[in-house]
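> The structure's right below; bear with me while I get my questions together.
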Amino acid sequence: MVQKTKSVWFCSACGNESPKWMGRCPACGEWNTMVEEKVAVKGNPRRQDEPSAGGQQAPLSLAEIDSAEEVRKSLSSPEMDRLLGGGIVEGSIVLIAGEPGIGKSTLSLQIPLHCQGLRTLYVTGEESARQVKMRASRLGGDGENCLIYSETLMEDIIPAARRAMPDLMIVDSIQTVYTQTMESSPGSVSQIRECASMLLRLAKETGIPVVLIGHITKEGSIAGPKVLEHIVDVVLQFEGDNTGAYRLLRSIKNRFGSTSEIAVFEMTGAGLREVSNPSEMLIPMHGQGLSGIAVSAMLDGNRSFLIEVQSLVSSAAYGVPQRSATGFDVRRLNMLLAVLEKRAGFRLGVKDVFLNMAGGLKVSDPACDLAVICAVLSSNFDFAIPSDVCFAGEVGLSGEIRPVSQTERRIAEASRLGFKAVYVSSFGALNCSVKGIEVVRVPDVPALCRTLFRQK
Ligand code: TYD
Ligand code: MG
């Protein structure tokens, strides 16, 4: 029988489906994102009031439902376990998303290699079994419990998983697998959606936890299918610079735990190493007496760590001054420079200003404002800030320094790392019991200049 197909248009940014082409997706408002895909028309659809063969379960009242805790399996990696909320939950689907080359395959292959007693089925659609073997020998560890299956057809993968009944299944990547029930090519929205639902059914029926690897497009969305985010239970997103050594794994959705968790990894010659103390890598040992450097006590998710902010201020050589920021919002930098100009009288409008966050990290914590203006002023005055001083404060439009969340935790982290003084806002209550660190409270930018830079 020839299967009938019809054309459907999917938005490649959000996965919205439409029966006809449109210039602009009505769901997410993006232009030129609708792509055509062929989908099979199901013949003889079941009437809506007919019961299905499997629909025997009656609705239950909440009180009747068994409230046993989820069963979790440890991945033998303290950072990964914490990120997942205490291990991977049986029958759950975890998506690890990130740009190509960031380390998704490395991380997912490291799990079975370093975790004794976790039988893992590693489905590879991107690399051949030999390539996986080469990577595994680079990562070390014993691969006895790790089954490698080089296949992309879902109709083969699902029975293989049911036969092997592993403790964990990894699919690298969801964009390369496909099902024959769909006409469209692997990686298209309808393929990804259908394959993910097939894996979801497998996970729920057998209790095997499934880890999916997904690529991210340059714009930062999980390639094509935002739809994937609805299907899976946990989304972990890899962030960081491919050229730098440090990677952040951030939990952006978690049905079984908190979403404010991050884990830091370092890419080494033998795989990804967990960095349990991120502050140490973000405040590199620099010589005393360099201007343009300030350390910020920042918070990302539930982690508090210290990061070095570097700035260079120089006279604008060619008319229009340049503003450039790496790891920091350049509009926010412009705002802070305007505050310094208007409220404290610095003539930064005729200067080039460059800003850089250490470690290639992207920072969005407003508490970094204070360190940013201190780094800029330090470079501007060519005055070195003592290396045992750090900062935590938000800068308001009128030049006031505003209090930030969890100031006590930031102070505690700074003290633990041997800092001798921390500058915070003088507004708001602060009952800090941390010993061995001086807490300097400043109300606004002019007061900061007087106390720190000894300017009038
Ligand atoms: P990979 O896991 O293949 O990325 P993804 O699956 O996200 O596309 O990682 C690729 C990069 O990691 C590659 O540039 C090489 C580097 N790498 C190391 O530095 N050390 C290692 O031990 C491994 C396995 C990879
Ligand atoms: Mg890969």
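> Can you name every residue in region 149-173 that is closer than 21 Å to Ile111 by Cα, away from ligand 1 (no atom under 16 Å from the Cβ) and in contact with a strand residue (DSSP E or B) (Cβ under 7 Å, 6 or more places away or on another chain)?
Selection gives Tyr149, Glu151, Ile157, Ala160, Ala161, Ala164, Pro166, Asp167, Leu168, Met169.
> While we're on this one: Give me a count of the residues in region 228-250 that are within 25 Å of Thr326 (Cβ to Cβ) and either without any contact (Cβ under 8 Å) to a residue 60 or more places away in the chain or among the polar types (S, T, N, Q) (or both).
Total satisfying the criteria: 5.
> Confirm whether Leu448 is in contact with a Lys or Arg (Cβ under 9 Å, 6 or more places away or on another chain) and either at pLDDT below 95 or surrounded by fewer than 17 Cβ atoms within 10 Å (Cβ to Cβ) (or both).
Judged against the criteria, Leu448 is not a match.
> Hey, another quick one. Test Glu438 against the stated conditions and say whether it is open to solvent by 10 Å² or more (accessible area, probe 1.4 Å) and closer than 19 Å to Val309 by Cα.
no
> Which condition does Pro321 not pass, out of (1) surrounded by 13 or more Cβ atoms within 10 Å (Cβ to Cβ); (2) assigned to a loop (DSSP other than H, G, I, E, B); (3) in contact (Cβ under 8 Å) with a residue 40 or more places away in the chain; (4) not assigned by TED's automatic domain parsing to the domain that holds Val234, if it passes all the others?
(3)
> Let me ask something additional. Of all the residues that make up region 156-181, how many are surrounded by fewer than 20 Cβ atoms within 10 Å (Cβ to Cβ), in a helix (DSSP H, G or I) and in contact (Cβ under 8 Å) with a residue 24 or more places away in the chain?
4
> Does Val350 satisfy the criteria of being in contact (Cβ under 8 Å) with a residue 40 or more places away in the chain and over 30 Å from Glu266 (Cβ atoms)?
In short, no.
> Please pick out the residue among Pro321, Pro278 that is modelled with pLDDT under 85 and either within 30 Å of Gly140 (Cα to Cα) or away from ligand 2 (no atom under 16 Å from the Cβ) (or both).
On inspection, the qualifying residue turns out to be Pro278.
> Answer yes or no as to whether Thr217 is β-branched (Val, Ile, Thr), at pLDDT below 80 and over 23 Å from Leu75 (Cβ atoms).
yes
> Of the numbered conditions (1) open to solvent by less than 60 Å² (accessible area, probe 1.4 Å); (2) at pLDDT 85 or above, Trp21 satisfies every one except a single condition; which is it?
Status for Trp21: all satisfied but (1).
> If you scan region 57-112, which residues turn out to be part of a loop (DSSP other than H, G, I, E, B), more than 19 Å from the chain's Cα centre (by Cα) and charged (D, E, K, R)?
Of everything in region 57-112, those that are part of a loop (DSSP other than H, G, I, E, B), more than 19 Å from the chain's Cα centre (by Cα) and charged (D, E, K, R) turn out to be Asp66, Glu69, Glu70, Glu90.
> Being at pLDDT 90 or above, open to solvent by 10 Å² or more (accessible area, probe 1.4 Å) and hydroxyl-bearing (Ser, Thr, Tyr) is the filter here; which residues of region 356-390 pass it?
Once the filter is applied, which keeps residues that are at pLDDT 90 or above, open to solvent by 10 Å² or more (accessible area, probe 1.4 Å) and hydroxyl-bearing (Ser, Thr, Tyr), region 356-390 yields only Ser379.
> Applying the selection to region 108-145, what residues are away from ligand 1 (no atom under 15 Å from the Cβ) and in contact with a Phe, Trp or Tyr (Cβ under 7 Å, 6 or more places away or on another chain)?
Residue satisfying the conditions is Leu121 alone.
> Which condition does Arg193 not pass, out of (1) away from ligand 1 (no atom under 16 Å from the Cβ); (2) open to solvent by less than 40 Å² (accessible area, probe 1.4 Å); (3) within 25 Å of Gln237 (Cβ to Cβ), if it passes all the others?
Every condition holds for Arg193 apart from (2).
> Filter region 113-127 down to the residues that are open to solvent by 50 Å² or more (accessible area, probe 1.4 Å) and part of a loop (DSSP other than H, G, I, E, B) and list them by number.
Scanning region 113-127 gives Gln116, Gly117, Arg119, Glu126.
> Does region 304-318 hold any residues that are assigned to a strand (DSSP E or B) and over 26 Å from Glu413 (Cα atoms), and which are they?
Scanning region 304-318 gives Leu312, Val313, Ser314, Ser315.
> Step by step: first the residues of region 72-103, then only those that are of a type in the set (D, E, K, R) and closer than 16 Å to Val264 by Cβ, then the one that is nearest to ligand 2 (Cβ to nearest atom). Which residue is that?
Glu79
> Taking the options Ser92, Ser105, Ser184, name whichever one is away from ligand 1 (no atom under 16 Å from the Cβ), within 26 Å of Arg250 (Cβ to Cβ), touching a residue at least 60 places away in the same chain (Cβ under 8 Å) and of a type in the set (Gly, Ala, Ser).
Unique residue meeting the criteria: Ser92.
The values are calculated or read from the model by the stated rules, or taken from the named source; none is laboratory data. Since the structure is predicted, the reported quantities are computational estimates derived from the model, not experimental observations. Methodologically, a virtual Cβ is constructed for each residue, glycine included, from the backbone with ideal geometry; neighbour enumeration extends over all protein chains shown. Please note that ligands, DNA and RNA were not included when accessible areas were found on the heavy atoms of the full protein model with its side chains. Shrake-Rupley method; radii C 1.70, N 1.55, O 1.52, S 1.80 Å.
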